[in-house]
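Here's the structure we're looking at; comments come further down.
Read the figures in this text as sums done on the coordinates, not as results from a lab. Please read all numbers here as calculations on a predicted model, not as lab measurements. Don't worry about glycine lacking a Cβ; one is built from the backbone with ideal geometry, like all the others, and counts go over all protein chains shown.
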Amino acid sequence: MSFDTTIATDLVHRIAAGDARADAELVERCGKVLRFLARRLTRNEADAEDLYQETLILALEKIRRHEVREPERLAGFLRALVKNLSVQRYRRRSYDVEKPSDTLPDTPDERQPNALGNLLHRERSGLTRRLLTELKVSRDRDVLFRFYIAEESSPRICQDLDIEPDHFYRVLHRARQRYRRLWEESAQGA
């Protein structure tokens, strides 16, 4: 899903102006790639279709409300949107527990907060933050913290840290690799 900047900007402006043909053009130009990304992120056909629909609806709403600050980067906006919606769906599912109202489980559900779970979470969080401070490259610390903990957008991080947007995920990947090495070293030392 790649757009010439002029085409992307024109498409965003036409959608914002209420042009129904522009809506259809967005679906035509991006539909296959968004479906592919949704399938890859969910690994379930039904969930992928829901994610795809949710992404298109939210994208059109955001464009109509003039919330796309950089229309020339429409493709990146759509990729980020499908990824963020996928993460939100995953988080929602991990906290939603469906229980029949007439029965209670015999064993505690690990997904529900409990004293041991809270303690383990605090220990992992503490270790994660300590390991972040031990990273030798300050950009690694900044990128990992801002992307995963502060949940800032990649365009914002790129702008603040002077990273080329096309290289952001490479920078993130390398930072994760260095963090993983520290994590493994700390696990071996324990």
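Quick look at the numbers
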quantity	calculated
Cleavage-rule hits (trypsin sites (Lys or Arg not before Pro)) in the range 34-67: DSSP loop, at most 11 neighbouring Cβ within 10 angstrom	Arg43, Arg65
Cross-link partners of Lys62 among aspartates and glutamates (Cα-Cα below 17 Å; sequence separation of 8 or more within a chain)	Asp10, Asp19, Asp23, Glu25, Glu54, Glu70, Glu72
Cβ crowding within 10 Å averaged over residues, with 46-54, 70-78 ranked highest first	70-78, 46-54
Rg followed by Dmax, in Å, when the range 5-95 is reduced to its Cα trace	13.2, 42
Cα convex hull of the range 124-189 - mean projected area over all directions, nm²	4.2 nm²
Stretchable slack from Lys136 to Glu45, in nm (0.36 nm times residue separation minus alpha-carbon distance)	28.6 nm
Loop-located GluC sites (Glu not before Pro) in the range 130-159, at most 16 other Cβ atoms within 10 Å (DSSP)	Glu151, Glu152
The range 124-189 - percent relative contact order, Cα under 8 Å, separation 6 or more	35 percent
Distance between modelled label sites at Glu70 and Ile7, nm, 7 Å Cα→Cβ extension	2.0 nm
Spin-label model distance (nm) - Thr128 vs Phe36, 7 Å beyond Cα toward Cβ	3.1 nm
